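> Have a look at the structure that comes next, please.
The values are calculated or read from the model by the stated rules, or taken from the named source; none is laboratory data. What you see is a predicted model; the values in this text were computed from it and never measured. Cβ placement follows ideal geometry from the backbone for every residue including glycine, while neighbour counts extend to all protein chains displayed.
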Amino acid sequence: MALQNLHELYNNKRHPSRNGGDSGRNSTTLMCYVTLASSQVYQVEVDHKAECQEVIDKICKLIGITEEASYFGILLAGSRNELFWLNSRNRLSRQIPGSPPYHLYFRVKYFVQPSTLQLEETRHQFYTNVVYHLKNGSWDADTTLETQSQLIALMAYIQFGNYNPNTTPCKYACFWPECRNEIPPEAIRMAAAFHKDLKDITTSHAKYELLSIVSREFPSYGTYFYDVKNIFDRKLLLGVGPSDIVLCNSTGGVIDRFPFCRVHTITNSARVVTLNLLEEDGSVKGQNYQLSSTRLAYSLYRTITEVHAFFKVIQLNNL
C-alpha cells in the first residue's frame, strides 16, 4: 500500500474534530491543520519563516511528547495525491506550493524498536501508526494467519475491552486489512482464543505487546513504500525501512531486499532514482526506478539517505 493512501484517508474524513489553537491568522503566520494517524486534527500556527521542525515540536508539545520528537516527521500531499516527507530543517513555506492553511500529516518517520521508547505518549503514537499500516495491509506480506489473528485480538481488546462471545467476534473484521478479501473464519476463531487470554491486562501493556510482535515478526516493520516502475515499465513498490530497501510487486509480495550495506551510492536525476548495489564479486551494478514526478523521485532519494543516516547513528550509539 503506497503512501498516497494517507491522502485518500484524509479525503474520506473531511470533518474530524479539531483540537487546539485559534483559527485566525495574519500575514506573518502560517496556519496548519495537522492530521495524526488516529485521524485527530490539530490546528497549529507558526511564523511564516518557521522551519518544518517547529510544526513537529508544536504537535509533540500538544500531545505530551517532550523528549522523543526526533522519531516523527511531516508529510504533505501533492497534486496527484502522492505524499512527500518535508525536510524538517528547511523553511515550511518554501516546501509547500499555494497559500495557507496547509493540510499536513504528522507521522512516525523512524520506527525504532519499541523497547527504546521512554514516553507513554510516544508508544501510543507508534501504536496508532502501526495500526494504520496493519489495516492497510502494507506490512503483512510475510506473516502468518496466526500472527495476524493475535494482532486482531490485541487491537480488539484495546478498543473494546474484554472478550464478549455475543458481540466481540463480529467486530474482528474491522481490523482485517482493507485490501484483503473477507476475513477467514479461521482468523476469527484464533483471534477469539487469543482475546479470551487478554482479560484485564492494561491497554498500555496490550499496545506494547502489539508493537513488540510487529517489530519482531514483520520484516517490513517501519517501511514506507513508493510506487515505481523498472526499466521494463513494470509497476513495483520500493520500500525504505530501518535496515534495508525492499523491492515488491504491486500487491506487496517481496521480490528482493537490499541491506543498506549493499547500497554503494544512490543518485537521483529527474524522475529516476538509481541504486548502485555492491555485488558479491566487488563490482557495482546500478538499478533504475522511475517515479511519477521529479519531486516524488527526490523525496524517495531523501528518504533513503535520511533513514539510513538515522539508523546508522542509532547503531553506532548502541555499540
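> When you go through S138, S99 one by one, which is the residue that is surrounded by fewer than 19 Cβ atoms within 10 Å (Cβ to Cβ), among the small types (G, A, S) and at negative phi? I'd like the intermediate steps shown before the answer.
Values: S138 fails: surrounded by fewer than 19 Cβ atoms within 10 Å (Cβ to Cβ).
S99 is the lone residue from the list that is surrounded by fewer than 19 Cβ atoms within 10 Å (Cβ to Cβ), among the small types (G, A, S) and at negative phi.
> Taking the stated definitions as given, is L247 within 18 Å of the chain's Cα centre (by Cα) and in a strand (DSSP E or B)? Don't jump to the end; show me each part of the working.
Working: within 18 Å of the chain's Cα centre (by Cα): yes; in a strand (DSSP E or B): yes.
Yes.
> Turning to a different aspect of this structure: Within segment 65-73, does at least one residue satisfy the condition of being surrounded by 18 or more Cβ atoms within 10 Å (Cβ to Cβ) and touching a residue at least 60 places away in the same chain (Cβ under 8 Å)? It would help to see each step written out before you state the result.
Residues of segment 65-73 surrounded by 18 or more Cβ atoms within 10 Å (Cβ to Cβ): 65, 68, 71-73.
So of that shortlist, the ones also touching a residue at least 60 places away in the same chain (Cβ under 8 Å) come out as 65.
There is at least one residue in segment 65-73 that is surrounded by 18 or more Cβ atoms within 10 Å (Cβ to Cβ) and touching a residue at least 60 places away in the same chain (Cβ under 8 Å).
> Working carefully through the options Y33, Y110, Y102, find the one that is touching a helix residue (DSSP H, G or I) at 6+ places or on another chain (Cβ under 9 Å) and either among the β-branched types (V, I, T) or closer than 28 Å to K207 by Cβ (or both).
On the way: Y33 fails: touching a helix residue (DSSP H, G or I) at 6+ places or on another chain (Cβ under 9 Å); Y102 fails: either among the β-branched types (V, I, T) or closer than 28 Å to K207 by Cβ (or both).
The unique qualifying residue is Y110.
Every residue, every condition in (1) part of a helix (DSSP H, G or I); (2) of a type in the set (F, W, Y); (3) in contact with a strand residue (DSSP E or B) (Cβ under 6 Å, 6 or more places away or on another chain); (4) at pLDDT below 95, yes or no:
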site	(1), (2), (3), (4)
Y208	yes, yes, no, no
V214	yes, no, no, no
P242	no, no, no, no
N268	no, no, no, no
T274	no, no, yes, no
N288	no, no, yes, no
A309	yes, no, no, no
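> Suppose we filter P177, P184 for residues that are touching a Gly at 6+ places or on another chain (Cβ under 8 Å), over 26 Å from A297 (Cα atoms) and surrounded by 12 or more Cβ atoms within 10 Å (Cβ to Cβ); which single one remains?
Details: P184 fails: touching a Gly at 6+ places or on another chain (Cβ under 8 Å).
From the options P177, P184, the qualifying one is P177.
> Within segment 276-286, restricting attention to residues that are touching a Lys or Arg at 6+ places or on another chain (Cβ under 8 Å) and assigned to a strand (DSSP E or B), which residue is farthest from L236 (Cα to Cα)?
Restricting attention to segment 276-286, the residues satisfying the condition of being touching a Lys or Arg at 6+ places or on another chain (Cβ under 8 Å) are 276-279.
Now narrow it down to the ones that are assigned to a strand (DSSP E or B): 276-278.
Details: N276: 18, L277: 18, L278: 22 Å.
Filtering segment 276-286 for residues that are touching a Lys or Arg at 6+ places or on another chain (Cβ under 8 Å) and assigned to a strand (DSSP E or B), the one farthest from L236 (Cα to Cα) comes out as L278.
> Here is a follow-up. Is it the case that some residue within segment 239-254 is surrounded by fewer than 12 Cβ atoms within 10 Å (Cβ to Cβ) and over 20 Å from C179 (Cβ atoms)?
Within segment 239-254 (the criterion being surrounded by fewer than 12 Cβ atoms within 10 Å (Cβ to Cβ) and over 20 Å from C179 (Cβ atoms)), the answer is no, since none of the residues qualifies.
> A further question follows. Search segment 164-188 for residues that are over 15 Å from E146 (Cα atoms) and pair each with any residue that is at pLDDT below 90 and not charged (D, E, K, R) when their beta-carbon atoms are under 8 Å apart and the residues are at least 6 apart or on different chains.
Matching pairs, first to second residue: E178/N136; E178/G137; C179/M1; C179/N136; C179/G137; R180/G137.
> If you don't mind, another one. Those residues that are more than 14 Å from I152 (Cα to Cα), touching a residue at least 60 places away in the same chain (Cβ under 8 Å) and of a type in the set (A, V, I, L, M, F, W, C), I need them from segment 194-232; list them, please.
F218, F225, V228
> In segment 216-240, which residue that is among the aliphatic types (A, V, I, L, M) and in a strand (DSSP E or B) is farthest from L300 (Cα to Cα)? Quick ask: steps written out before the conclusion?
Filtering segment 216-240 down to residues among the aliphatic types (A, V, I, L, M) leaves 228, 231, 236-238, 240.
Checking which are in a strand (DSSP E or B) leaves us with 228, 236-238, 240.
Working: V228: 10, L236: 14, L237: 12, L238: 9, V240: 8 Å.
Only one residue tops the list, namely L236.
> Say we look at segment 122-175 and pick out the residues that are in a loop (DSSP other than H, G, I, E, B) and aromatic (F, W, Y); which of these is nearest to F106 (Cα to Cα)?
Looking at residues that are in a loop (DSSP other than H, G, I, E, B) and aromatic (F, W, Y), I get W139.
> Counting only residues that are assigned to a loop (DSSP other than H, G, I, E, B) and of a type in the set (F, W, Y), which one in segment 62-115 is farthest from I304 (Cα to Cα)?
F111
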